[in-house]
Amino acid sequence: QVQLVESGGGLVQPGGSLRLSCAASGLIRGIYTMGWYRQVPGKQRDFVARITSGGTTDYADSVKGRFTISIDNAKNTVNLQMNSLKPMDTAVYYCNLHWRTIGYWGQGTQVTVSS
């Protein structure tokens, strides 16, 4: 049974920083991808960033240069460092694991950027 547990959301002022973490429990081995998506009410869930177990990264254009994703394979943990946050980054952020053709989702963590 794979479970994803997210942490690190909260309220921050524009220009500030937050760090999200997601830990995957369960016996995960081999090649996998972990990433982050975000969703605002009434809209679809959008891709933010992803990283493979080999370290290859990919970012949405809207966060390039501001967000950095990293992975700790030994702990099956992915982190998202978010800098220079903007009000448009306000959303519920969901962690995703893609492993052996199956996608898993975390419960989501709220990020609010407001003065």
Fill in the blank from the handout: Looking across the range 104-115 at residues that are closer than 15 Å to Ser21 by Cβ and in a loop (DSSP other than H, G, I, E, B), the single one that is most open to solvent (accessible area, probe 1.4 Å) is Gln107
Handout entry: the range 82-103, residues that are modelled with pLDDT of 95 or more and open to solvent by 50 Å² or more (accessible area, probe 1.4 Å)
Key = Asn83, Ser84, Lys86, Pro87, Met88
Exercise for the section: Answer yes if at least one residue in the range 3-19 is touching a Leu at 6+ places or on another chain (Cβ under 9 Å) and among the acidic types (Asp, Glu), and no otherwise. Expected result: yes
Practice task
Could you tell me which numbered condition Thr68 fails, if it satisfies all but one of (1) crowded, with 16+ Cβ neighbours inside 10 Å; (2) assigned to a loop (DSSP other than H, G, I, E, B)?
Solution key: (2)
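Every residue in the range 17-44 that is under 15 Å from Val63 (Cβ atoms) and more than 11 Å from the chain's Cα centre (by Cα), please.
Pass one, the range 17-44, residues under 15 Å from Val63 (Cβ atoms): 17-20, 35-40.
Once the filter is applied, which keeps residues that are under 15 Å from Val63 (Cβ atoms) and more than 11 Å from the chain's Cα centre (by Cα), the range 17-44 yields Ser17, Leu18, Gln39, Val40.
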Problem - Contacts under 7 angstrom Cβ, first residue in the range 30-43 being farther than 22 Å from Val2 by Cα, partner part of a strand (DSSP E or B) and among the aliphatic types (A, V, I, L, M), 6 or more apart - result: Gln39/Ala91; Gln39/Val92; Val40/Ala91
Exercise for the section: Considering every residue within the range 34-49, establish whether at least one is open to solvent by 40 Å² or more (accessible area, probe 1.4 Å), of a type outside the set (Val, Ile, Thr) and within 18 Å of Gln13 (Cα to Cα). Expected result: no
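Can you pull out the residues in the range 55-65 that are β-branched (Val, Ile, Thr), within 21 Å of Val111 (Cβ to Cβ) and either open to solvent by less than 60 Å² (accessible area, probe 1.4 Å) or part of a loop (DSSP other than H, G, I, E, B) (or both)? Talk me through it step by step, then tell me what you get.
So the first thing to find is which residues in the range 55-65 are β-branched (Val, Ile, Thr), and the list is 56-57, 63.
Adding the requirement that they be within 21 Å of Val111 (Cβ to Cβ) leaves 57, 63.
Correct list: Val63 only.
The values are calculated or read from the model by the stated rules, or taken from the named source; none is laboratory data. Since this is a predicted model, take the numbers as computed values, not measurements. All Cβ positions, glycine included, derive from the backbone under ideal geometry; neighbour counts span all protein chains shown. With ligands, DNA and RNA removed, areas are computed over all heavy atoms of the protein, side chains included. Shrake-Rupley method; radii C 1.70, N 1.55, O 1.52, S 1.80 Å.
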